[in-house]
Every structure is written in structure tokens, then in C-alpha cells.
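The values are calculated or read from the model by the stated rules, or taken from the named source; none is laboratory data. Given the structure is predicted, the values throughout are model-derived calculations rather than measurements. Methodologically, a virtual Cβ is constructed for each residue, glycine included, from the backbone with ideal geometry; neighbour enumeration extends over all protein chains shown.
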Amino acid sequence: MLELRPCCENCGRALAPESTEAMICSFECTFCRDCVAAVLDNVCPTCGGGFCPRPNRPRRNWRGDNYTGKFPPATQRRHRPVDQAAHHAFAAAITGIAAHQR
């Protein structure tokens, strides 16, 4: 189950569970759209994969107790600012490869 992490790991911007600004990689590294575009070039600094919009979890119990009341979002903040120079060196070789083909 997705953790729904509460902030961008790079800039620390708050990302509420329903935020449409939250982007994740397949390992749930969580960044805001601005950092994905301007800092990361759509390359995850952890795995090298791409990002997609983070889905949200319903606030209301529409069916089967699958909602934030039963499965609350994470509260632990992961603030690990990216070293931009090091990331650009890492990402340079793979930014030309479509994220779904990396």
C-alpha cells in the first residue's frame, strides 16, 4: 500500500494526501512536480526511473474500509535534498531514454 508521504523529498514542500502536485517513482520516492521538472529532469535520484502522478486515497469509506480513516497517510517527513551537480552527472546518460524504457 502506498505510504502517501507528506512532503517533497528535495524541497520539503508539503504534499497533502490529495495533492495533485505529488509525483512518485516505483519505489515511492516522492517529489513535487516542480522539482521533478526543474531539478530532476524526470529521473529519480534513487533508482534512475521516471515519475508519475501519485494516486490519492479516498477520504470517505466508499467501499471495504479502503480509505484514509483506516489506512492513514504517512507522517514521517523524508527531506533529502538532491545534490544537483551530482544528479545531473548521474542523469545525463539516461535522460534521453524514455522513462518507461529505462
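Which one is surrounded by the most Cβ atoms within 10 Å (Cβ to Cβ) among residues in segment 59-96 that are among the charged types (D, E, K, R) and under 16 Å from THR30 (Cβ atoms)? Please lay out each step first, then the result.
Of the residues in segment 59-96, the ones among the charged types (D, E, K, R) are 59-60, 63, 65, 70, 77-78, 80, 83.
Within this subset, residues satisfying the condition of being under 16 Å from THR30 (Cβ atoms) are 77-78, 80.
Working: ARG77: 12, ARG78: 15, ARG80: 11.
My answer is ARG78.
For segment 27-43, state whether one or more residues are touching a Lys or Arg at 6+ places or on another chain (Cβ under 6 Å) and more than 13 Å from LEU4 (Cβ to Cβ). Steps first, answer last, please.
If we filter segment 27-43 for residues that are touching a Lys or Arg at 6+ places or on another chain (Cβ under 6 Å), which is where we start, we get 30, 32.
Then keep just the ones that are more than 13 Å from LEU4 (Cβ to Cβ); that gives 32.
There is at least one residue in segment 27-43 that is touching a Lys or Arg at 6+ places or on another chain (Cβ under 6 Å) and more than 13 Å from LEU4 (Cβ to Cβ).
Considering segment 1-23 alone, what residues qualify as being over 14 Å from GLN76 (Cα atoms) and crowded, with 22+ Cβ neighbours inside 10 Å? Spell out how you get there, then give the answer.
Step one: list which residues in segment 1-23 are over 14 Å from GLN76 (Cα atoms), which gives 1, 10-11, 18-23.
Scanning segment 1-23 gives ASN10, ALA22, MET23.
Could you grab me the full set of residues in segment 70-93 that are assigned to a loop (DSSP other than H, G, I, E, B), more than 18 Å from the chain's Cα centre (by Cα) and modelled with pLDDT of 95 or more?
Step one: of segment 70-93, the residues assigned to a loop (DSSP other than H, G, I, E, B) are 70-83, 92-93.
From the residues that got through so far, the ones that are more than 18 Å from the chain's Cα centre (by Cα) too are 70-71, 92-93.
Matches in segment 70-93: LYS70, PHE71, ALA92.
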**Prompt:** Which one is nearest to the chain's Cα centre (by Cα) among residues in segment 30-69 that are in a loop (DSSP other than H, G, I, E, B) and hydroxyl-bearing (Ser, Thr, Tyr)?
**Reply:** THR46
